[in-house]
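Working notes for the structure below.
The values are calculated or read from the model by the stated rules, or taken from the named source; none is laboratory data. If you're wondering where the values come from, they're calculated on a predicted model, not measured in any experiment. Note that each Cβ is placed from the backbone with ideal geometry, even for glycine, and that neighbours are counted across all protein chains shown.
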Amino acid sequence: MSATSYREAVRAALRDALARDPRVFLMGEDVGRYGGSYACSKGLLDEFGPERIRDTPLSEAGFVGAGIGAALGGMRPIVEIMTVNFSLLALDQIVNNAATIRHMSGGQFNIPLVIRMATGAGRQLAAQHSHSFEGWYAHVPGIRVVAPATLDDARGMLWTAIEDPNPVVIFEHATLYNLEGDLPEGAGAVDIDRARVRRAGRDVSLIAYGGSLHKAMTAADRLSAEGVEAEVIDLRSLRPIDDATIMASVRKTHRAVVVDEGWRTGSLAAEVSARITEQAFYDLDAPVARVCTEEVPIPYPKHLEDAALPQPEKIVTSTKALMGSHA
Amino acid sequence: MAPGGKTHLDRGHLLFLLKEMLRIRRFEERCAELYSAGKIRGFLHLYIGEEANAVGVMQAIGVDDAVVSTYREHGHALARGIAARALMAEMYGKVEGVSRGRGGSMHVFDAGARFYGGNAIVGGGLPLAVGLALADRMRGLARVTVCIFGEGAAAEGAFHESLNLAALWKLPVLFVCENNRYAMGTAIEREQSQIDLVRHAESYGIKSEAVDGMDVVAVEVAARRATAAVRDAGAPYFLENRTYRFRAHSMYDPELYRSKAEVEEWKQRDPISKLDAWLRDAGFLHPDDLRRIEDEIAAEIDDAAAFAEAGRWEPVEDLARDVVAPPPAPRRDAAA
Amino acid sequence: MPEFRMPSLGADMEAGILVEWLKKPGERVSRGDVIAVVETQKGAIEIEVFQPGTIERQMVQPGQKVAVGAPMALIRGEGEAAGAAPAPAAPAAPIPAPPAALGPAAGRVSPAARRRATELGLDLAGLLGSGPGGAVGLADVEAAAARRTQPAAAMREVIGAAMARSKREIPHYYLGHTVDLEPALLWLEAENLKRPVAERMLYGVLLLKAVALALHEYPEFNGVWSGGRFQPSEQINPGVAVSLRQGGLIAPSINGADRLTLPQLMAALRDLVRRARVGGLRSSELSDSTITVTSLGEQGSESVYPVIYPPQVAIVGFGAVATRPWVVDGAIAPRRVIVSSLAADHRVSDGHRGARFLAAITARLREPDRL
C-alpha cells in the first residue's frame, strides 16, 4: 500500500497505458507543456514525447473529431477535454460521430476512443464552469460512460476503457483530484460495468456517483449516529447502469435516495428512480427520493453554490423524510 | 488507377473517365425515379452535374488511401469502387446494403474501400479526416486521406479547426471543396465574406488550388498533383473544385433561390457532354462505343435496382445490434 | 397502360396541387422530360417522366390536389410498363420490450390495492393477482370484496345499524313465560305420523301460528312505528328469523300467517328457509314484517331476550324445548316446556298487555288442534 491521491492515480493510469500500448496517445489542451490543467499529465511530455502527449489548439470539435478519426485509423487515443463545460463544443462529434458510426455503417467500424473530462461544481467557478452533464452523455446509445469516484477506480478504469472497443467517456469530478488515500502497489485495471456497494446497510439505499459519492458516505455516517443504517452504492458505470446491484439493495432496504449533481429535471437520478419503480416497485416502502442540484445556474458566492448543490445534510434530511416516524 | 503520377490522356483512359461519369449520372437518375416512386426514402441529394469531381479525384488515390465524404456521396462511392448493387440496396434500406441498410443515402460506409461516410452534419467529416491522417502519421503509414465537402462547410467552425490542425501538425489530408455555389438554398456570395475559398486555406498555410470542376481531366490532373504533394511534403493540400449541381439540393426543393437561366447556362458545361464532344472530335468515340457504354451501364443499374428490390429487410428483432461492439473478455489485472 | 403517378419528393410530402401540364395528350415524351408543374408546401416543383411514351390521357386538371402515388396521366409506352409500385411495406416499428421481469410474484400488492383492502377490511392473504407479474391490484381487491359473501358482510352492517338504532330509540320492556308444550308436541307427533316424511311439520309452525292468532286480540304488537306514532297493520306478517350458515340473521315474513293452515305454514317456512339460505328472497319479504318471531330452539339457550327490529314494535322469542319437572294435577311429572318471551315497544304497549299477549299465545298452544 502507498499513500497517494486521486490525481496521482490518474497520472499513474495514464503512464501505465502509454507504456503498455504504443497506439495509446494523449491529446488535449495543455496536457503537455502545462502538465495538464489539473496536473494529471505532469511529467508525461518529458517521458513520452510530443507525438504521444499532444497539446492541441482550442478546437474541441476539431481535436475530439480527430480523436475519433485516429481511433478509426488504428490508434487508441485518450482525448482530454479540459472540462465537461467545453465538451459542448464537441457534442456534435461525440453524438453524431463517435456514438453513431458503428451503427450507421452497419457494424463495419468501432471507435476505440477514450475521452476524459473533469466535471462538476463546488469551487465557485460560476455558471459556465460548473456543469454536470454526465446524465446527458449517459442518455446516448453508442457510448459508454463511467465516473470513477475512488482512487482504485481512478487508477483502474482507464485501462479497461482503453481496451473497450467502444467510445468511453470518463468523468473525473474536479473536487476529487486532491482526494488522498492508499492504493495497493500492484493496483491495476478494474471493471467498468458494475456498481459497487461502498457501505452496507439495511434501512435505505443511497445511490450516488462521482463527486456525490463522498457526500453520500458522509451522510451515511451522520445517519448511523441516529440509528439509521444506510447502504451506499457507487454507480461507477453510468451507461450502462448496473440495475442488478441497485435492485438487490432496494429489495433489502425498501427505500432509495438517489444523489446526483445534475439538475433535478431530467436528471440521471430520474432515470435511476424510474428503473427502481419498474423493477422493484413492490419492494418499496416509500417513494424514491432524489437529491440533486437546484434548478439554477451555479452561482458564484459560496453560500449560494453550497445551497444549490447536493450536500450531506440534504441527503440526511431526505432519508429521514423517507423513514417517516421510523427515523 | 495509378495514384499520384501522370494523367495518361489516351483513348482507353478517357473512355474510362466518360463511362465512370455516365455511370454516376445514370445511377443518380435512377435514384430520382425510384425516390419518386417511394422506393428510396428520407433525403436524397443528387450529384448530377458534378461527376467530374468524383471521377477525377478518385484517379489520384489508391486502395490504401481513405475517403471521407458528405451526404452527396453516391458519386464518390461509385467512383471509389463500391458496387452499385450494394449502394442501391443501401438506398432501399435492405440488409444487403453497404451499411446493412442502417444508414441510407446519406451514410454510405465501406471498410474495404476505406470509405468513411456518408456524413450528414455539414463540416462533421473534416475532423474525422484529420484524425485518420493523424493515425497514419503516427503509425508511419504513407497514406492520404481525401476529405470531400461542399463550400457550405467552409462556414462551419469545424472547417477552420480542421484546416488549422492539419496544417499545424502537418497531416496528409487532401481537402477537396466541391464548390457548387449553393449551400442548400444560400448562394456563396450570401454565405462567405471571402468567396475565394482557396484564400481560406492559404490563411492556414495550406497549399491550395482552384480547379474547373466541370472538366474531369482538369480535376484528375490537379488531384494527382495534390496527392503527390501531400505524400511528398507530408502536409495537407486544398483543392477548390468549382462546379455546379444541375438538380435541386435534394428531391424536395423547388429551387426558389436560383434562376432556370443560370442552370441552363451551367448545363452548357456538362462534364459528360464536354468529354463526349471532345472524344468525338478526336475521333476516339464512335456512336457504337457510346451505345455499348450506355447499354453496359443500363444493365448494371437495372441489375442493381433488381438486386435492391429483391433484398431482405433486416428483422426487427435485430434492431439493437451494432450499437456498441462487444467488450473483450474480462480481465482482472493484479499487476500494472 | 402505364400510369404516371404523383411522385413522392420528400418524406413529408403528402400531396401536390397540379399547376399546369407542360405536355399535352398525343405528345411524345422522353425519359427526363418535365411533364407538369405541381405546387407543394415548399413551392412549385417541376415533375419529370421516367419512361418514354406518348401521353394518352390526362386524368387530373389544373387546380386539383393529388395525393402522392395517385395516377395523374396515362402514357402509352414502348417497352416495359412503368407503373409505380406502392412503397414496399417495411416491417412494423418494433414495440420495445417491457423492462425485465419483476421477479417472484409472492406478496406483490400495489399500494393502491393495499389501501383499498384496508378500507374494505379485506384480508389480502391468499389473494390472486391479475396485475403485472401476478401482482394484486385494485381490480383484484374490488372483486374479492364483492365475492366475499355479500349478504353476510353487508348484512352484518345492516343488522348492526338496525340493532343500534333499536336500542337507541325503542324503549324495550321484557316479559317471559314458561309454556307447557307437551300437549302440543304430542299432538304434532301424532299428526306427523299420518304424513309422509317430506311433509312432516316442525313444532316451530305451532309457535308461529299461535303468535299469529294471538295477534288478533292484541293488535298493538302487530305494526310499525312510523311518523312518530304506531301504525297497526291489518295483515299479520310475522318475520321468521332464519340464521345463515355464513353468519348473520335474516327475518323474511310469511305474509298472512294467521290465515294459513299448519301444513301451508310449514311449506312456506321450508321454502323461505331454503331461499333465505341461497340468497333467493324477494325484497318485499324482507320489508313486510309486522312482528318478528325468533326461535333459538336447537341452539339450546333456555330463553331469549330479543331486540325489536325497527320499525316493528314487538318481537316474540322462544327458547329451547327442555324437559323439566312440572306440576300436573298436583303431582310432579316431567314435561317438555319452552320459555316464551316478549320484547315490546313501551311507547305502544305496556307490560299488562304484554303479559296477556303472552298468555294468549300460551292458551293457543294448549289447543294445537285449533291452530
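Overview of results
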{"quantity": "Total residues in region B:101-145, condition in contact with a Gly (Cβ under 7 Å, 6 or more places away or on another chain), closer than 23 Å to residue B:156 by Cβ and assigned to a loop (DSSP other than H, G, I, E, B)", "calculated": "10"}
{"quantity": "Any hit, region B:266-277, residues being of a type outside the set (Val, Ile, Thr), more than 14 Å from chain C (Cβ to nearest Cβ) and in contact with a Leu (Cβ under 7 Å, 6 or more places away or on another chain)", "calculated": "yes"}
{"quantity": "Pairs, first part of a strand (DSSP E or B) in region A:218-238, second acidic (Asp, Glu), C-beta under 6 Å, six or more apart", "calculated": "A:237/A:193; A:238/A:134"}
{"quantity": "Single unsatisfied condition, residue B:202 versus (1) assigned to a loop (DSSP other than H, G, I, E, B); (2) over 20 Å from residue B:60 (Cβ atoms)", "calculated": "(1)"}
{"quantity": "Strands (runs of 3 or more DSSP E) wholly inside region C:208-289 that include at least 1 residues being closer than 17 Å to residue C:344 by Cβ and in contact with a Leu (Cβ under 9 Å, 6 or more places away or on another chain)", "calculated": "C:238-240"}
{"quantity": "Within region B:74-132, tally of residues that are closer than 15 Å to residue A:102 by Cα and of a type in the set (Ser, Thr, Tyr)", "calculated": "2"}
{"quantity": "Only listed residue being within 14 Å of chain A (Cβ to nearest Cβ), more than 30 Å from residue C:8 (Cβ to Cβ) and not small (Gly, Ala, Ser), chosen from B:207, B:170", "calculated": "B:170"}
{"quantity": "Odd one out for residue B:119, checked against (1) within 24 Å of residue B:225 (Cα to Cα); (2) facing chain A (nearest Cβ under 9 Å)", "calculated": "(1)"}
{"quantity": "Helices (runs of 4 or more DSSP H) contained in region A:262-327 and holding at least 2 residues in contact with a Lys or Arg (Cβ under 8 Å, 6 or more places away or on another chain)", "calculated": "A:268-280, A:312-323"}
{"quantity": "Region B:235-279, residues that are part of a helix (DSSP H, G or I), of a type in the set (Asp, Glu) and surrounded by 16 or more Cβ atoms within 10 Å (Cβ to Cβ)", "calculated": "B:276"}
{"quantity": "Conditions (1) surrounded by fewer than 21 Cβ atoms within 10 Å (Cβ to Cβ); (2) among the hydroxyl-bearing types (Ser, Thr, Tyr); (3) touching a strand residue (DSSP E or B) at 6+ places or on another chain (Cβ under 6 Å); number of the one not met by residue C:289", "calculated": "(1)"}
{"quantity": "Test: residue in region C:187-210 that is touching a Phe, Trp or Tyr at 6+ places or on another chain (Cβ under 9 Å) and more than 13 Å from residue C:293 (Cβ to Cβ)", "calculated": "yes"}
{"quantity": "Flag if residue A:172 is crowded, with 24+ Cβ neighbours inside 10 Å, touching a Pro at 6+ places or on another chain (Cβ under 7 Å) and outside the structural domain of residue A:314 (by TED's automatic domain parsing)", "calculated": "yes"}
{"quantity": "Some residue of region B:64-76 being of a type in the set (Lys, Arg) and buried (at least 23 other Cβ atoms within 10 Å of the Cβ)", "calculated": "yes"}
{"quantity": "Residue A:278 vs. criteria touching a Gly at 6+ places or on another chain (Cβ under 8 Å) and not small (Gly, Ala, Ser)", "calculated": "no"}
{"quantity": "Test result for residue B:155, surrounded by fewer than 24 Cβ atoms within 10 Å (Cβ to Cβ) and within 19 Å of the chain's Cα centre (by Cα)", "calculated": "no"}
{"quantity": "Answer residue from region A:103-123, given it is touching a Lys or Arg at 6+ places or on another chain (Cβ under 9 Å) and polar (S, T, N, Q) and is nearest to residue B:106 (Cα to Cα) among those", "calculated": "A:105"}
{"quantity": "Top-ranked residue in region C:29-66 [being more than 12 Å from chain B (Cβ to nearest Cβ), in a strand (DSSP E or B) and aliphatic (A, V, I, L, M); ranked as nearest to residue B:29 (Cα to Cα)]", "calculated": "C:29"}
{"quantity": "Filter pass, residue B:325 being more than 28 Å from residue B:82 (Cβ to Cβ), surrounded by 12 or more Cβ atoms within 10 Å (Cβ to Cβ), more than 24 Å from the chain's Cα centre (by Cα) and without any contact (Cβ under 8 Å) to a residue 24 or more places away in the chain", "calculated": "no"}
{"quantity": "Residue ID - nearest to the other protein chains (Cβ to nearest Cβ), chosen from residues in region C:10-24 that are free of Cβ contacts under 8 Å to residues at least 40 places away in the same chain and within 18 Å of residue C:71 (Cβ to Cβ)", "calculated": "C:22"}
{"quantity": "Filter result for the condition that a residue is small (Gly, Ala, Ser), outside any loop (DSSP other than H, G, I, E, B) and either within 20 Å of residue A:164 (Cβ to Cβ) or at pLDDT 95 or above (or both), over A:62, A:74", "calculated": "A:62"}
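Conditions tested, residue by residue: (1) assigned to a helix (DSSP H, G or I); (2) within 15 Å of residue B:119 (Cα to Cα).
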| residue | (1), (2) |
| --- | --- |
| B:53 | yes, no |
| B:56 | yes, no |
| B:60 | no, no |
| B:64 | no, no |
| B:76 | yes, yes |
| B:86 | yes, no |
| B:89 | yes, no |
| B:99 | no, yes |
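So that you can scan it fast, the table gives a plain yes or no per residue for (1) at the interface with another protein chain (Cβ under 9 Å from one of its Cβ atoms); (2) at pLDDT 95 or above; (3) farther than 14 Å from residue A:14 by Cβ:
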| position | (1), (2), (3) |
| --- | --- |
| A:139 | no, yes, yes |
| A:143 | yes, yes, yes |
| A:149 | no, yes, yes |
| A:157 | no, yes, no |
| A:162 | no, yes, no |
| A:166 | yes, yes, yes |
| A:170 | no, yes, no |
| A:173 | no, yes, yes |
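Quick grid of which residues meet (1) outside the structural domain of residue C:302 (by TED's automatic domain parsing); (2) in contact (Cβ under 8 Å) with a residue 24 or more places away in the chain; (3) touching a Ser or Thr at 6+ places or on another chain (Cβ under 6 Å):
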site: C:163; (1), (2), (3): yes, yes, no
site: C:177; (1), (2), (3): no, yes, yes
site: C:190; (1), (2), (3): no, no, no
site: C:216; (1), (2), (3): no, yes, no
site: C:240; (1), (2), (3): no, yes, no
